[in-house]
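Reviewing the structure listed below.
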Amino acid sequence: MIAHVPIRAGKDDLIRVSEANPGWKVELDAHGTLHLTPPAGGRTGRRNWDLSDLLNTWAIEHDFARFDSSTGFELPDRSVVQPDAAFVRGVDWRGLTEKQQEDFVPLAPAVAVELVSKTDRPSELREKLLRMRALGTGYAVLVDPYRREVWTDGERPPGFLTDFTTLFDV
């Protein structure tokens, strides 16, 4: 279940709402609508942890900066999204100023992964990933442990042979 708050919001509003609602994931779309997602349940929390473990070593070995679900990415359309896991090429991350690294990351992730939780609508997450792809994300992955499906779009980075089906039985 995601709450859509159809107001004309900006980054300052997103930060204010996030601070007032700890634990909730708050995103901003290009039209100024805030999207709030409640905290995850236990199984999703465990899957998120396992997802990070699954991706961490590959990212380090291939010089990608890695980010968890609490990281906001400001895309070229001024939306701010928080994929469950994301990578940015190391060279791109190191090219940002310290201030840019402290704020929402002003880059589309090279890789974005969404993990469906009990309260999510997979179709909405797929639409989000497709928007991210249209705005520069190179590879998108949607892992749905409830339907036991993995959907991908884009060009997988060389050597990125991650078996996301291991998250199904967590």
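The values are calculated or read from the model by the stated rules, or taken from the named source; none is laboratory data. Not measured: the values here are computed from a predicted model. Positions of Cβ are generated from backbone atoms using ideal geometry, with glycine treated the same way; all protein chains shown enter the neighbour counts.
For the stretch 125-150, the candidate set comprises residues that are out of contact with any strand residue (DSSP E or B) (no Cβ under 7 Å at 6 or more places or on another chain) and surrounded by 15 or more Cβ atoms within 10 Å (Cβ to Cβ); within that set, the residue that is farthest from ALA40 (Cα to Cα) is LEU135. Taking first residues from the stretch 37-61 that are touching a residue at least 40 places away in the same chain (Cβ under 8 Å) and closer than 22 Å to ARG89 by Cα and partners that are in a loop (DSSP other than H, G, I, E, B) and among the small types (Gly, Ala, Ser), the Cβ contacts under 7 Å between residues at least 6 apart in sequence or on separate chains come to ASN48/ALA40; ASN48/SER69. Yes or no: the stretch 93-100 includes at least one residue that is surrounded by 14 or more Cβ atoms within 10 Å (Cβ to Cβ), among the hydroxyl-bearing types (Ser, Thr, Tyr) and more than 25 Å from VAL17 (Cβ to Cβ). Within the stretch 93-100, none of the residues are surrounded by 14 or more Cβ atoms within 10 Å (Cβ to Cβ), among the hydroxyl-bearing types (Ser, Thr, Tyr) and more than 25 Å from VAL17 (Cβ to Cβ). Residue count for the stretch 120-150 under the criterion of being part of a helix (DSSP H, G or I) and over 11 Å from the mean Cα position of the chain (by Cα): the result is 9. Residue count for the stretch 59-100 under the criterion of being among the β-branched types (Val, Ile, Thr) and under 21 Å from LEU34 (Cα atoms): the result is 3. Among the conditions (1) over 16 Å from ALA134 (Cα atoms); (2) touching a Ser or Thr at 6+ places or on another chain (Cβ under 6 Å), the only one that ALA112 does not satisfy is (1). Looking at VAL88, VAL150, VAL80, just one residue is out of contact with any helix residue (DSSP H, G or I) (no Cβ under 7 Å at 6 or more places or on another chain) and among the β-branched types (Val, Ile, Thr), and that residue is VAL88. Hey, does the stretch 24-47 have a residue that's surrounded by 13 or more Cβ atoms within 10 Å (Cβ to Cβ), under 12 Å from the mean Cα position of the chain (by Cα) and within 16 Å of PRO106 (Cβ to Cβ)? Scanning the stretch 24-47, I find at least one residue that is surrounded by 13 or more Cβ atoms within 10 Å (Cβ to Cβ), under 12 Å from the mean Cα position of the chain (by Cα) and within 16 Å of PRO106 (Cβ to Cβ), so the answer is yes.
Looking across the stretch 132-148, the residues that are closer than 23 Å to PRO38 by Cα and free of Cβ contacts under 8 Å to residues at least 60 places away in the same chain come down to MET132, ALA140, VAL141, LEU142, ASP144, TYR146, ARG147, ARG148.
Within the stretch 155-165, the set of residues being loosely packed, with under 15 Cβ neighbours inside 10 Å and polar (S, T, N, Q) comprises just one member, THR165.
If you go through the stretch 142-153, how many residues are under 24 Å from VAL80 (Cα atoms) and in contact with a Lys or Arg (Cβ under 9 Å, 6 or more places away or on another chain)? Residues flagged as under 24 Å from VAL80 (Cα atoms) and in contact with a Lys or Arg (Cβ under 9 Å, 6 or more places away or on another chain) within the stretch 142-153 amount to 4.
Here SER69, SER79, SER18 are screened, and the one residue that is more than 20 Å from PRO145 (Cα to Cα), hydroxyl-bearing (Ser, Thr, Tyr), in contact (Cβ under 8 Å) with a residue 24 or more places away in the chain and buried (at least 18 other Cβ atoms within 10 Å of the Cβ) is SER79.
Look at THR37 and say whether it is touching a Pro at 6+ places or on another chain (Cβ under 7 Å), at pLDDT below 90 and not basic (Lys, Arg).
No; evaluated as a whole, the condition is false for this residue.
The listed residues are ASP84, ASP63, and the only one of them that is crowded, with 19+ Cβ neighbours inside 10 Å, acidic (Asp, Glu) and either over 11 Å from the mean Cα position of the chain (by Cα) or modelled with pLDDT of 95 or more (or both) turns out to be ASP84.
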